[in-house]
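Just so it is clear, none of the values below were taken in a lab; they were calculated from the coordinates. From a predicted model like this one, the values you see are computed outputs, not experimental measurements. Reconstructed Cβ throughout: ideal geometry from the backbone, glycine too, with neighbour counts over all protein chains shown.
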Amino acid sequence: MARYAGVTLLLLTLCAMNLVAMASKPSTDKLVSAIKKKKMATVIEELSVTGLDVNTPDSSRRLPLVEAVRSKDQAAVLALLEQGALAKAHEPASGVTALHVAFKENLPGIAVLLLAHGADPAATDKTGATARSVATGKDFAEILKRYDDKGALAFESTPGSWLKEEKNGATYYWSPSTGENRWTPPPSCAWQRITVQGQPIKYINSVTGQGVTTVPPALAWAKVRGENDKELWLNWAAGVSSTSVPVELPADMVLDLERHINQRWYNPVTNEYSYTDPAYSTAWRELKDETHDRPYWFNIETGESVWEVPEALAWTKLEDADGGASYFFNKVSGKVSWHRPADGPLSYVRSEDL
């Protein structure tokens, strides 16, 4: 009997410890209350509470992010997203997501913000209704078309928009063009290149969860060197440049690109240029058929074999001295082009003249 009494005492002790731990965990009640009352100072104060999980519903089962959308407070929505609020999270009571509310209440600005952070238009509430199905506002057709074309990255900031600093041992992001600032990476600065031996390179966004197999614009940077050894970072997807290391690039890509200055590839089939090795983005591999003594191409993902060079591999590495560094730079807008722009040379200068 004493043995069982000891076990019972141990269980009671563990339960008591769990209750204490639960009681000591910060609640989101005050945060939700401040959001409903639109007291931004209190919202910021509550978000700074150590150990607060912004994805925990309050005692009334209301999710802070969904409540911020109900309050039509875009500043509060952004603050919550910056603190790690999941844009695709469902509220316990109704099962709705923040995007359901943004669409239903005709809030296109907030909807774009949520989509940029990984919200899902196909998410369903407890009735089975998708967020997309309640998007009746006239602005939403175009917004959803952009999402369907490119997913969350359709709403990312233009490459080069963000700067980064270190403050108090933490990374601080700010955008000179919009004045926006945040302690966590914006979506355009959250891409990582994932390499798995024998497989094509993939790119994953740690904020939105989106995964793609082609280089996202945020990572489409190349380092070029013009005459007089002038170096510049050039984003070949967005046509913008930077004299400093782009904030969007993870450290491993910076090192890789700095080892391959002025390197590019040309595809005569598609008439495209690439500034990252196209072989990294395809599952095709060149093999040799010993019977016919000729090469063929095999897709390691699909098992398909072809005799002609696949379009994805029809690239030629350019060995020209400048590697295409003779680009045009708009002194007014800051835009960059590899070819002479249609608006003529008056506003543009060649790289060797910079």
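Filter Lys37/Lys145; Lys39/Lys167; Lys38/Lys138; Lys37/Lys104; Lys30/Lys126; Lys202/Lys223 down to the pairs with a C-alpha to C-alpha distance above 23 Å, please.
Values: Lys37/Lys145 34 Å; Lys39/Lys167 27 Å; Lys38/Lys138 27 Å; Lys37/Lys104 21 Å; Lys30/Lys126 27 Å; Lys202/Lys223 21 Å.
In this structure, Lys37/Lys145; Lys39/Lys167; Lys38/Lys138; Lys30/Lys126 exceed 23 Å between Cα atoms.
Within a Cβ distance under 14 Å of Leu163, other residues only, what is the Lys/Arg minus Asp/Glu net charge? Each step should come with its number before you reach the end.
Values: positive: Lys164, Lys167, Arg182; negative: Glu165, Glu166, Glu180, Glu248.
Summing Lys and Arg as +1 and Asp and Glu as -1 gives -1.
Post the alpha-carbon centroid distance, segment 167-227 to segment 55-94, in whole angstrom. Cα centres, segment 167-227 to segment 55-94: 25 Å.
For Lys72 and Thr136, what does the FRET efficiency come to when R0 = 22 Å and r is the distance between their Cβ atoms, rounded to the nearest 0.05? It would help to have the intermediate numbers written out before the result.
Details: r = 17 Å, r/R0 = 0.76.
For Lys72 and Thr136, the calculated efficiency is 0.85.
Label-to-label distance for Thr171 and Gln192 is 1.1 nm, based on points extended 7 Å past Cα in the beta-carbon direction.
Count the net charge of all other residues whose Cβ sits under 11 Å from the Cβ of Phe140, scoring Lys and Arg as +1 and Asp and Glu as -1. Present the calculation step by step, with values, prior to reporting the outcome.
Working: positive: Lys104, Arg132, Lys138, Lys145, Arg146; negative: Asp139, Glu142.
Residues close to Phe140 contribute a combined charge of +3.
Could you list the residues of segment 55-98 with an amide nitrogen less than 18 Å from a label point located 7 Å from the Cα of Lys30 in the Cα-to-C-beta direction? Answer for segment 55-98: 55-60, 64-65, 80.
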